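Enquirer: Here it is, the structure in full.
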Amino acid sequence: MTSPRSVPVAPKALPLVGHLIPMLRNPLEFINSLPAHGELVRIQVGPFTLVMICDPELTRQALVDDRVFDKGGPIFDRVREVVGDDGLASCPYSTHRRLRRLAQPAFHPARFPGYAKAMSTCIEDVTGSWHAGQILDVPTEMMTITSRITAATLFSGALPPGELGPVLDDVKTFFDGFYQRMFMVPPLDRLPTSGNRSHVRARTRLRAAFDQIIARRRAEGVDHDDLLSALLAAHDAGGDGHGMTDAEISDTVVTFFLAGTETTAALLAWALDLLARHPGIERRLHAEVDAVLDGGRATHADLPRLELTHRIITETLRLRPPGWIFTRTVTADTRLGGHLLPAGSSVVYSPYLIHHRQDLYDDPEAFDPDRWDPKRPQPPRHALLPFASGARKCIGDTFGMTEAVLALATITARWRLEHRPGHQRVRPALGLALRPRSLDMRAEPRGRAD
Ligand code: HEM
């Protein structure tokens, strides 16, 4: 394996396993300790030698040069197992621009009022089923909201709530084992253990469910004004003029589902957790949603006036970025900072690490939505990258933000969520997305005086 020798090695590597134990037990604390050792730091995770980028400017440079810092490394090798080679988030540089041009019309601003309408309906359906005093498993409730939204906007109604359950179970199985599988080398990942077997079963079923919907839609030839219709209709005017193949559409649909549901659900769960810990901010949010929303349901027209709601979501993305760690593979010998990285090196960047740097943020551990108040001095550019940057920046950033702002506003207009006594300690679960391991909260309906 290629090893960039001039990059300093993080301390406390154990023989054989290197830094595997802190990366499995407490990776957030571990990666936050790395900037003290250099702008690039080498870590050894089991068989993988990885170069962690600890500096915001070098992170930007790597993200902008996506030909040399291409998708690959342990995370994307695993993502490709389920998504295939043609998924927009995991495809290599060589095919990316064409796929991105074909997918982009699905996220045209003109489509957002329609998406927002579907989002509001899903949010209302789920939160309207809660009852006073109910103990909510918040991450699961948020997953129900976001996956219903993805299903409604991706293939409007082709996956009704009744059929969504098994799909959600498979998505959950895929995410649950993901982080640990990342550091498993063959043949360990292929042994017939129950974990490996359910992982394979889940990804086969997921793929079959989506392929069926796509085949039906191609045969119908009707425009449903949803994401899938936009993908089916797209033609690459900037390239060969062709549309997406069935394999590309299938990979893209699976990608949207996986990239869009757990991330936004994790974001909302963290926002509700943080709000319950900051009653002053919660009160101000209640005042905002009471003043802006008509009938307690947030709509697309309300978005510009939900300023504090936006800032709360942005600060949650900073403090608990759902996309917390990503890998790249170096495709040609290159320099980054003062170091030579040979072709074949695996590089890691982490929005979490950058968002928690003391030199970029005052009191980085504090939840302070007002740091995003434009009247205050703003953190440096490149200090906030919950959606990455460069050509591989999240295509669903506005979609995810819209969804999160609408959901947080509607939930807090109608409900107060508080931690169950004895359940205040919320630990992160390690997956592809950073989400609360468990978060049980009691829902009480709000009177306007709350
Ligand atoms: C709060 C919610 C979300 C967060 C935090 C998030 C975060 C990210 C990040 C950090 C990346 C870059 C990954 C990398 O550098 O390797 C990314 C890429 C991507 N995301 Fe999101 N995402 C969110 C919501 C969504 C939604 C709703 C969708 C789709 C409907 C989506 C689809 C994608 C796709 C397709 C890519 C790959 C883009 C490309 O390479 O051209 N994401 N996302």
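The values are calculated or read from the model by the stated rules, or taken from the named source; none is laboratory data. All values reported here derive from a predicted model rather than from experimental measurement. Because the Cβ atoms are built from the backbone with ideal geometry, glycine has one as well, and the counts that use them run over all protein chains shown. Accessible surface areas use protein heavy atoms only, side chains included; no ligands, DNA or RNA. Shrake-Rupley method; radii C 1.70, N 1.55, O 1.52, S 1.80 Å.
Enquirer: Which FRET efficiency, nearest 0.05, do ASP125 and HIS224 yield, Cβ-Cβ r, R0 25 Å?
Expert: The calculated FRET efficiency here is 0.80.
Enquirer: First measure r as the distance between the Cβ atoms of ASP333 and ALA132, then evaluate 1/(1 + (r/R0)^6) with R0 = 56 Å and state the FRET efficiency to the nearest 0.05.
Expert: Efficiency, rounded to the nearest 0.05: 0.35.
Enquirer: Averaged per residue, what accessible area in Å² does the chain show with a 1.4 Å probe, protein chains only?
Expert: Computed with neighbouring chains in place, this is 42 Å² per residue.
Enquirer: Can I ask one more? Given axes a ≥ b ≥ c from the Cα gyration tensor, I'd like to know whether segment 327-405 is rounded (a/c under 1.5), prolate (a/b larger than b/c) or oblate.
Expert: Since a/c reaches 1.5 but b/c is at least a/b, the shape of segment 327-405 is classed as oblate.
Enquirer: Given the options ARG216, ARG80, ARG101, state which has the largest fluctuation in a GNM of the chain using a 10 Å cut-off (strictly under) for Cα springs.
Expert: ARG216
Enquirer: Of ALA266, ALA208, HIS235, which is farthest on the positive side of the dipole of segment 205-275, counting Cα position, with +1 on Lys and Arg Cβ, -1 on Asp and Glu Cβ, and the Cα centre as origin?
Expert: Checked the options; the winner is ALA208.
Enquirer: With unit charges on the beta carbon (Lys/Arg positive, Asp/Glu negative), name the residue among GLY84, LEU58, PRO47 whose Cα is farthest towards the positive pole of the charge dipole of segment 16-109.
Expert: Farthest towards the positive pole: GLY84.
Enquirer: To continue, here is another question. For segment 299-450, what size does the Cα cloud have along each of its three principal axes, sorted from largest down, in whole Å?
Expert: 62, 37, 29
Enquirer: Quick check: at a probe of 1.4 Å, how many percent of the accessible area of segment 332-398 sits on carbon and sulfur atoms?
Expert: Result for segment 332-398: 50 percent of the exposed heavy-atom area is carbon or sulfur.
Enquirer: Evaluate the distance, in nm, between pseudo-label points positioned 7 Å from the Cα of LEU14 and of THR245 along their respective Cα→Cβ axes.
Expert: Once both label points are built, they end up 4.5 nm from each other.
Enquirer: With a 1.4 Å probe and all protein chains left in place, how much of the accessible area of segment 70-139 comes from carbon and sulfur atoms, in whole percent?
Expert: 56 percent
Enquirer: If you don't mind, another one. For segment 7-61, what relative contact order do you get, as a whole percent, if you take Cα pairs closer than 8 Å and at least 6 residues apart?
Expert: 37 percent
Enquirer: I've got another one for you. Cα to Cα, under 30 Å, and not fewer than 8 places away if on the same chain: which lysines meet these conditions relative to LYS172?
Expert: Hits, sequence-local ones excluded: LYS71, LYS117, LYS393.
Enquirer: Provide the packing ranking of 267-280, 295-308, 112-125, i.e. peptides ordered by the mean count of other C-beta atoms within 10 Å per residue, highest first.
Expert: So the peptides 267-280, 295-308, 112-125, ranked by packing, come out 267-280, 112-125, 295-308.
Enquirer: What is the distance in Å between the Cα centres of segment 253-292 and segment 61-78?
Expert: Here the answer is 29 Å between Cα centres.
Enquirer: Follow-up. Pairs of Cα atoms under 8 Å, at least six residues apart: use those to get the relative contact order of segment 259-320, whole percent.
Expert: Values: 26 pairs, mean separation 27.3, N = 62.
44 percent.
Enquirer: In the chain, if the dipole is taken from +1 on Lys/Arg beta carbons and -1 on Asp/Glu beta carbons about the Cα centre, which of HIS356, PRO166, MET23 is farthest to the positive end?
Expert: MET23
Enquirer: Could I have the simple spin-label model distance between GLU57 and ASP359, label points 7 Å from Cα toward Cβ, reported in nm to one decimal?
Expert: Spacing of the two 7 Å Cα→Cβ label points: 0.9 nm.
Enquirer: Now a separate question. About the Cα centre, and with charges only on the beta carbon of Lys, Arg (+1) and Asp, Glu (-1), how big is the dipole of the chain? Nearest 20 debye, please.
Expert: Here the size comes out at about 760 debye.
Enquirer: Right, another one. In the calculated pair distance distribution of the chain, what percentage of Cα-Cα distances lie above 34 Å?
Expert: Summing the P(r) tail past 34 Å for the chain gives 33 percent.
Enquirer: Could I ask something else about it? What distance in nm lies between label points placed 7 Å from Cα along the C-beta direction at ARG283 and LYS375?
Expert: 1.9 nm
Enquirer: If you don't mind, another one. For segment 72-127, with only Lys/Arg (+1) and Asp/Glu (-1) charged at the beta-carbon, what is the dipole magnitude about the Cα centre, in debye rounded to 20?
Expert: 380 debye
Enquirer: First obtain the Kirkwood hydrodynamic radius of segment 85-162 from its Cα pairs, then insert it into the Stokes-Einstein equation at 25 °C and 0.890 mPa s, and state the resulting D in µm² per second as a whole number.
Expert: Rounded, D is 166 µm²/s.
Enquirer: Taking 8 Å as the Cα distance limit and 6 or more residues as the minimum spacing, I'd like the relative contact order of the chain as a percentage.
Expert: Result for the chain is 26 percent.
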